[in-house]
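The values are calculated or read from the model by the stated rules, or taken from the named source; none is laboratory data. These numbers come from a predicted model, not from an experiment. Note that each Cβ is placed from the backbone with ideal geometry, even for glycine, and that neighbours are counted across all protein chains shown.
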C-alpha cells in the first residue's frame with residue numbers, strides 16, 4: 001500500500017509528489033501504514049507464541065498426570081490380583 005501512495009488517481013491533475021504529500025498531510029505515510037501494521041503483527045505473533053507455549057506446557061502436564069494415574073492403576077491392579 002505504501003508503494004502506491006504516489007499513484008495519481010484517475011482524473012486528478014496532481015503530480016505523484018503532490019499526491020504523496022497530500023496523503024502525508026492527512027497522516028497516511030510509511031509510519032501509519034507499514035510500521036503500524038508491522039507492529040500490530042509482531043504483537044499478535046508474540047501473543048500467539050505465548051499461547052502456543054502455554055498449550056504445550058499444559059499438554060506436557062496432562063500427559064504426565066495421565067501417566068501417573070496409569071502407574072497407580074497398574075500398582076492397584078497388582079495388589080488386587082495378588083491379594
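Name every residue in region 25-43 that is exposed (fewer than 10 other Cβ atoms within 10 Å of the Cβ) and part of a helix (DSSP H, G or I), in order of residue number. Listed by number, the list holds a single entry, 25.
Determine whether residue 22 is part of a helix (DSSP H, G or I), surrounded by 10 or more Cβ atoms within 10 Å (Cβ to Cβ) and modelled with pLDDT of 95 or more. Talk me through it step by step, then tell me what you get.
Details: part of a helix (DSSP H, G or I): yes; surrounded by 10 or more Cβ atoms within 10 Å (Cβ to Cβ): yes; modelled with pLDDT of 95 or more: no.
So residue 22 fails the test.
Checking the structure you have, find out if any residue of region 68-76 is under 29 Å from the mean Cα position of the chain (by Cα) and either surrounded by fewer than 10 Cβ atoms within 10 Å (Cβ to Cβ) or assigned to a helix (DSSP H, G or I) (or both). Step through it out loud before you land on a result.
Our first condition is that a residue be under 29 Å from the mean Cα position of the chain (by Cα); within region 68-76, this holds for none.
Scanning region 68-76, I find no residue that is under 29 Å from the mean Cα position of the chain (by Cα) and either surrounded by fewer than 10 Cβ atoms within 10 Å (Cβ to Cβ) or assigned to a helix (DSSP H, G or I) (or both), so the answer is no.
Residues that are surrounded by 13 or more Cβ atoms within 10 Å (Cβ to Cβ) and assigned to a helix (DSSP H, G or I) were ranked within region 4-19; the one that is modelled with the highest pLDDT is 18.
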